[in-house]
Amino acid sequence: MDAIQRELLMQVAGLHEIPAGAYNIRSNGQSIERKSTGNIEIINKPDKSGIEIHIKPGTKKESVHIPVIMSQSGLEEVVYNDFYIGENADVTIIAGCGIHNGGDAASRHDGIHRFFIGKNAHVKYVEKHYGSGDGSGERIMNPVTEISLDEDSFMEMETVQIRGVDSTKRENRAHLKAGAKLVVMERLMTHGKQKAESWFDVQLDGEDSSANIVSRSVARDESWQLFQSHISGNTRCSGHTECDAIIMENAKISAVPQLTANHVDAALIHEAAIGKIAGEQLIKLMTLGLTEAEAEEQIISGFLK
Amino acid sequence: MLELKNISFQVPDEKTRNTKEIGILKDVSLTLEDNQFVVITGPNGGGKSTLAKIIAGIEKPTSGQILFDGQDITDMSITDRAKLGISYAFQQPVRFKGVTVFDLLRLAAGKEISVAGACEYLSKVGLCAKDYIRREVNGSLSGGEIKRIEIATILARKTRVSVFDEPEAGIDLWSFQNLIQVFEEMHEQLHGSILIISHQERILNIADRIILIADGKLVKKGTKEEVLPELLGTANAAPSCDKAANRK
């Protein structure tokens, strides 16, 4: 790995070195390092590009890192990764994609992730997207996440894209069985002429299943964002979706929360708010000695924390 | 030393479609000596809050001059005044999504502080620090809680001049006694000057000097012995319900 690749790895996975636990590092279209453990097996997909991650039932407090880094301009790829998480497991999965594009051709990574989460399992899934490089070629990522949550399972998903991704279209779909719970925290910042679309479709199929989909975003410069979140309550269940956005300069943001209740005991709530940074917030921080630019930075970093 | 010389502040009259100006402050002059504890009181709408904002640099006076240790700061920005040593506690504190109480105290202190250090400021304003330090300064805090956090940010700054706009508003009676102590301690330890806008008799009671502002004008100034007896005979010292509560 060269310095650029190491920097990408740090940004998307917080890794300075080879991680503990199971991992698969994909760089410029190839799996360059891989390690399975006694409980977590990583194998190539037999039919297409990508990997399968099999986590044994009852695996506790283990982690899987599967970062993807691309530093070769003009590379375009679609990768299929499937996660099979056994019953009663409790694991952390850290994915993420970093693209450094120093050339003129577009680089694109489309990661299609499917999660099959067994009964009573608990998964924390962290996904970071990052772009760098001053080439004119676009850095494009179109992640798809499909989640099947079996009875009483729980998935916490944290998805972050703060810098450098020129175009993204994120699709997230989830089906929840009885007692299952899904919590999503999305943080997004776009700048320059970037475009970001984020789309959620959550089906609450089982009794007492619940979902909480929260998005916080900042759109700066000339960037554009679309947030769409649809929760269907198909039985007795509860769902909440929230989009909170800060708009700056000449950016444009659309927030489209949508609820469908197909059952009388489906309790569903949506909230959406878009606005610029309140003047009094800036003033308060300036009375503490910060300049206007420093105040703005503090407000944004707090908001996206 | 902070000096306000002939400060006037006018705004366009919206009713007459900007053809006329309304005077919020009219030719106000006052001096805040080092280590002095001054309370500004007077009826609502009299211009007190505007005066505090003019000191902090949030509003610019239409005419007049502000001097800090002889230096003219009339055109100085909010940030530069803050750096020079002026603090201002909002009457209605600002809420932030995502910014924690610790973040705010750290920014106020202007340097990295320990959690223990931040907790000390919170304890002084009567908040159990461990319950609050990681909380966001957002809509989940009650009016009284956020008001006390606002006061804690001023304590963390330790500046030469501290201006508080109605610090008692939204604070319950039990905490009110602690608040008085906070101001007394600040006065003893800081060797800076404190300017408080208040209607509260008990805050007026601990002042070195009291200034009465009504209808945009400085009506009276003097020691509490000079001003307080006269004030208490009028409705200016405190709204009657507050006074009744204080006697309990």
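Listed values, structure above:
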{"item": "Hits in segment B:51-66 - residues which are outside any helix (DSSP H, G or I) and under 15 Å from the mean Cα position of the chain (by Cα)", "result": "B:Gly57, B:Ile58, B:Glu59"}
{"item": "Considering residues of segment A:89-102 that are over 16 Å from A:Ala22 (Cβ atoms) and surrounded by 17 or more Cβ atoms within 10 Å (Cβ to Cβ) only, the residue nearest to the chain's Cα centre (by Cα)", "result": "A:Cys97"}
{"item": "Answer residue from segment B:53-70, given it is farther than 21 Å from B:Ile154 by Cα and not aliphatic (A, V, I, L, M) and is surrounded by the fewest Cβ atoms within 10 Å (Cβ to Cβ) among those", "result": "B:Gly70"}
{"item": "Pick from segment B:64-91, criterion within 13 Å of chain A (Cβ to nearest Cβ) and touching a Pro at 6+ places or on another chain (Cβ under 9 Å), ranking: farthest from B:Ser193 (Cα to Cα)", "result": "B:Gln91"}
{"item": "Boolean, B:Asp80 is surrounded by 15 or more Cβ atoms within 10 Å (Cβ to Cβ) and free of Cβ contacts under 8 Å to residues at least 40 places away in the same chain", "result": "yes"}
{"item": "Residue that is nearest to the other protein chains (Cβ to nearest Cβ) [pool: residues in segment B:36-63 that are among the small types (Gly, Ala, Ser) and over 22 Å from B:Leu190 (Cβ atoms)]", "result": "B:Ser49"}
{"item": "A:Gln194 modelled with pLDDT under 95, out of contact with any helix residue (DSSP H, G or I) (no Cβ under 8 Å at 6 or more places or on another chain) and of a type in the set (S, T, N, Q)", "result": "yes"}
{"item": "Some residue of segment A:200-222 being of a type in the set (Phe, Trp, Tyr) and over 25 Å from A:Phe154 (Cα atoms)", "result": "no"}
{"item": "Which listed residue, of A:Pro19, A:Pro46, is in a loop (DSSP other than H, G, I, E, B) and farther than 25 Å from A:His100 by Cα", "result": "A:Pro46"}
{"item": "Any helices (runs of 4 or more DSSP H) falling wholly within segment B:92-172 and containing at least 2 residues that are away from chain A (no Cβ under 12 Å), surrounded by 22 or more Cβ atoms within 10 Å (Cβ to Cβ) and not hydrophobic (A, V, I, L, M, F, W, C)", "result": "B:143-157"}
{"item": "Close pairs from segment A:271-288: first at the interface with another protein chain (Cβ under 10 Å from one of its Cβ atoms), partner surrounded by fewer than 21 Cβ atoms within 10 Å (Cβ to Cβ) and assigned to a strand (DSSP E or B), Cβ under 6 Å, at least 6 apart", "result": "A:Ala273/A:Asp244"}
{"item": "When residues of segment A:289-300 are limited to those that are touching a helix residue (DSSP H, G or I) at 6+ places or on another chain (Cβ under 9 Å) and at negative phi, the one farthest from the other protein chains (Cβ to nearest Cβ)", "result": "A:Glu296"}
{"item": "Helices (runs of 4 or more DSSP H) lying entirely in segment B:174-248 (those with 2 or more residues that are within 21 Å of B:Ser49 (Cα to Cα), modelled with pLDDT of 90 or more and not hydroxyl-bearing (Ser, Thr, Tyr))", "result": "B:201-205"}
{"item": "Condition met for B:Ile113 (β-branched (Val, Ile, Thr) and in contact (Cβ under 8 Å) with a residue 60 or more places away in the chain)", "result": "no"}
{"item": "From the options A:Gly111, A:Gly98, residue that is assigned to a strand (DSSP E or B) and in contact with a helix residue (DSSP H, G or I) (Cβ under 9 Å, 6 or more places away or on another chain)", "result": "A:Gly98"}
{"item": "Sole residue being surrounded by 16 or more Cβ atoms within 10 Å (Cβ to Cβ) and without any contact (Cβ under 8 Å) to a residue 60 or more places away in the chain, chosen from A:Val78, A:Val68, A:Val12", "result": "A:Val68"}
{"item": "Residue in segment A:23-37 that is among the aliphatic types (A, V, I, L, M), at pLDDT below 90, in contact with a Leu (Cβ under 9 Å, 6 or more places away or on another chain) and in a strand (DSSP E or B) present", "result": "no"}
{"item": "Residue identified as among the β-branched types (Val, Ile, Thr) and over 30 Å from B:Asp27 (Cα atoms) among B:Ile171, B:Ile211", "result": "B:Ile171"}
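The values are calculated or read from the model by the stated rules, or taken from the named source; none is laboratory data. Remember, predicted model here, so these are calculated numbers, not experimental data. We place every Cβ from the backbone using ideal geometry, glycine too, and count neighbours over all the protein chains shown.
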